Amino acid sequence: MSQKIFLLILFVVIMVFGFFVKNPFILNMMSLAALSVIVVTGLNLLLGFAGQISLGHAGFVAMGAYISAVFSVKFNINPWVAIVLAVFITSLFGAVIGYPTLKLKSHYLAMATLAIGEIIHSVVNNYVDLTGGPQGLTGIPMLSFFGFSFDSEIKFYIFVWTLTFLLILMSINLVNSRFGRAYKAIKSKENAAYAFGINVHFYKVFIFTVSVFYASLAGALYAFYLGFISPSSFGLIQSIDYVVMVVIGGMGSFFGVFFTSVILTILPNILTSLEDYWPIANGLLLILAMMFMPNGLKGLFKWIK
Amino acid sequence: MDKIISIDSITKSFGGIKAVDNVSFFVKNGEIKALIGPNGAGKTTLFNIITKLYTKDSGSISFMGNSIEKYKSYELIKLGMSRTFQNIQLINDLNVLENVMLGYHINMKSNVLDAFLSLPKNKKYEKEAEKTSYYILRFLKIDNIEKKYPNEIPFGYKRLVEIARALVSKPKLLLLDEPAAGLNESETNRLLKTIFRIWEQGVSILLIEHDMNLVMNCSHSVVVMDEGRKIAEGPPSYIQNNDEVKRAYFGK
Amino acid sequence: MLGGVLGFVLIQHSIPVFISVIISTIIVSIIAILIHVTMLSKTKNANELSLIIMTIGISIFLRGVVAVVLDKDAHPLTPFFNFSSVSLFGITFSSQYIIVICAVIIFVGLFYFYMNKTLPGKIMQAVSMNPLASKIFGIDVNFQQLKAFAISGFVGSLAGIIIAPISFVQYDMGVMFGLKGFAACVVGGFGNNTGALVGGLIIGIAESLSSGYISSSYKDLIAFVIMIAVLFIKPSGLFSSEDVERV
């Protein structure tokens, strides 16, 4: 079965699910899951295809969320314009910071990206005048579109899932193009990649920027969807959660990653009493996956070409 | 312009050891030139300097009359220089056809937006890459394995796929790094014929090789290196009877 | 982090400081060995990326366990000496800093001596540079890696304990130290002890200056800003020589 047909079927299933489930709590969780899928799809391009790790992606989600929210709340800018500006600024920041950082390899890259995430987190935490600091930022308006307001769960659900599927579709297109082949070459045979005319460093910075674009877009939507953001949603643990979703889903598998990010976003929301145990479970998942299942759930989706 | 590439007094040391020591030679247009020498003679190092994976300490290289000083390693293929590797560098996540298409990367003019949105331009170039790659596979008579993955094909085929990938960009100079290493006799014979057929298409070839038989049968001219220095150069018959070459290979 | 926390728990149970230090460093070293034996050396087709992901898994697992067993609050720990502060050249600082500084000098000296002047140290360097060649020369690569892992566990835990009275004990106390150590290495250049030391000094001084002149809430940022600046200008670090990868 081709990837795109499977994607279409999945889209129909998600839409039908949305129309039949009336419970706003479930729709709310599914919308949040869609935002995770967006971030993780972007991270999958970086980690799964280009083989470059980032432990700071929650920071970029935070930038998308905070910049758009601050523009909208403090400067009264139209939410859509604020989102576009936030995504643009964050992606630009990603490109600028990615330029030196992606010269590093393997564990050095992991540490450097972790540091970037921590920097953003600490700025958000400390710049109280604009961000509200640890208390968070409230009063972010709801999105509306020419008078059509996303005021019910189902409206946002349809909007965010449609967007998510478009973004996945774009990623699949990219991976099936000459650039996808180039990134697979960079991942496994970096030195040989030069010989095929691939400007390895530039390509790395580019895919990093794309993944930052996905992350910041999800962050901005998150802010306007919940109406409230606080630094605790964008910490190191969240960055690692994203990596867990990619790794368990199977690096480079869009559908494996899709299901793990939905499941791993929803489960902690249902089992809130077990909150303290999530890091332990996530840690164990990573260890076990690397020891026994280095391809994650990828094997389950082998029949999709 | 009868020199396709000319290498002029190249020197490179690693921590005090001269891996390549003041080596000069050139490859004529439409010539098959072999670079031979015992292990550790500096052949692959020289290859990596030519393809800019290593930086040289001194000397200069010009390709088709122009210095390649200002070009980066990933720009050389655009000039018409492509290479294979001593250790097979096929991408395991890509099948044979896709591996060869990777070699066509720079010939495709579609940009990332075309790719993201799968625009007609992207499709057009994908088709073109597929067609050209398939044509090259058929030229090398390995089109029957196009859908296989690198870990599913025999070693001899992997070498040929590498050569196909280097050929698909239509190079003017092909650099082969020990193409016969690890091949059995019949595979080597097949390689020999392949090299001639590539040469017939007007491609100049510079190859590093250990297999003397192959070198003596296919090359027009041979450069011998030992301990980083060039010790002899000339047609195969001359090299075969050169005392210094014998000394380097068999001791005193 | 584990070292600090374990030391804290033991000291809380009124076990003498000195003995607590020994016990907790030993326990952490053993945990490090166990982790290496049961997980890292058993990983299937291990490449660098999968090992990195695994160590991330291990670290958040340990943090998670500590957060559950202890709690997420910061706990103060009294300095090891019973006099709390010292004055030198008119500057007053906590006595714990003396212990920290002494420990740094001792360990830098020890490591320098071990790595450069003794055979086991040189063997360890050889393994890190070229595991395959080392194997051919009959070195037990796995054991060397185990040893390196255990030593790093030991030193890490010791650092955790002696820094604890200054920084408070908390489940995530290790992250910032680890990151700043990393930043110092980047600034100085990897694989270069002198570079790392100078890098650390540069970052430390810059931090103190910035908290004095700018604002203390951004103190933690300075290290990373310097690191990224160095990466921009000279990616290999201020004190490094380039090395070449073989194709």
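A Förster radius of 60 Å combined with the Cβ-Cβ distance from B:Lys131 to C:Leu132 puts the calculated FRET efficiency at roughly 0.90.
Local charge for B:Glu31 was computed over the other residues whose Cβ lies under 10 Å away, with Lys and Arg +1 and Asp and Glu -1, and equals +2. Averaged over the residues of C:57-69, the number of partner chain Cβ atoms lying within 10 Å of the residue Cβ comes to 6. The equivalent ellipsoid of region B:10-122 has semi-axes of 32, 17, 14 Å, largest first, where each one is the square root of 5 times an eigenvalue of the Cα gyration tensor.
With Cβ to Cβ distances under 14 Å as the rule, what net charge do the other residues near A:Gly51 carry (K, R +1; D, E -1)? Every neighbour counted, the sum reads +3. If you take all C-alpha pairs in region A:181-305, what percent of them are over 16 Å apart? Of all Cα-Cα pairs in region A:181-305, 72 percent lie more than 16 Å apart. Spin-label model, C:Asn142/B:Asn184: points 7 Å from Cα along the beta carbon direction are separated by 3.4 nm.
Compute the signed sum of charges (Lys and Arg +1, Asp and Glu -1) over the other residues within less than 14 Å, Cβ to Cβ, of B:Thr188. In short, -2.
Only helices enter the 222 nm calculation for chain B: every DSSP H run of n ≥ 4 contributes -39,500 (n - 2.57), and dividing by all residues gives -10500 deg cm²/dmol, rounded to 500.
Please say if the protein assembly as shown is rounded, prolate or oblate, where rounded means a/c under 1.5 for a ≥ b ≥ c the square roots of the C-alpha gyration tensor eigenvalues, and otherwise the choice is prolate for a/b larger than b/c and oblate otherwise? Oblate is the answer for the protein assembly as shown, as a/c is 1.5 or above yet b/c matches or exceeds a/b.
Against the empirical 2.2 N^0.38 Å (N residues), region B:90-170 has a Cα radius of gyration ratio of 1.09. Among the GluC sites (Glu not before Pro) found in region B:155-234, those both in a DSSP coil and sparsely packed, with 16 or fewer other Cβ atoms within 10 Å of their Cβ, are B:Glu227. Dividing the convex hull volume of the alpha carbon atoms of chain B by its residue count gives 141 Å³ per residue.
Seen through its C-alpha gyration tensor, with square-root eigenvalues sorted a ≥ b ≥ c, region B:132-224 comes out oblate because a/c lies at 1.5 or above while a/b is not bigger than b/c. The C-alpha atoms of chain A occupy a region whose extents along the principal axes are 52, 43, 41 Å, arranged from largest to smallest.
Here region A:115-172 and region B:155-188 have alpha carbon centers that stand 52 Å from each other. The mean number of Cβ atoms from other chains found within 10 Å of a Cβ in peptide C:220-231 is 4, as a whole number. In the elastic network of chain B, a GNM with C-alpha springs shorter than 10 Å, the most mobile of B:Leu183, B:Leu214, B:Leu117 is B:Leu117.
Using a ≥ b ≥ c from the Cα gyration tensor of region B:157-203 (square roots of the eigenvalues), is it rounded, prolate or oblate, where a/c under 1.5 gives rounded and otherwise the larger of a/b and b/c decides, a/b for prolate? Prolate is the answer for region B:157-203, as a/c is 1.5 or above and a/b outweighs b/c.
Across region B:94-252, the mean sequence separation of Cα contacts (distance under 8 Å, 6 or more residues apart), normalised by length, yields a relative contact order of 18 percent.
Note on B:67-78: average number of Cβ atoms from other chains within 10 Å of each residue's Cβ is 3. The packing ranking, built from the mean of other Cβ atoms within 10 Å per residue, places the peptides C:176-183, A:244-251, A:58-65 in the order A:58-65, A:244-251, C:176-183, highest first.
None of the figures in this text is laboratory data; all of them are computed from the coordinates on show. Here the structure is a predicted model, which means the values were calculated and not measured. Ideal geometry is used to build each Cβ from the backbone, glycine not excepted, and the neighbour counts take in all protein chains shown.
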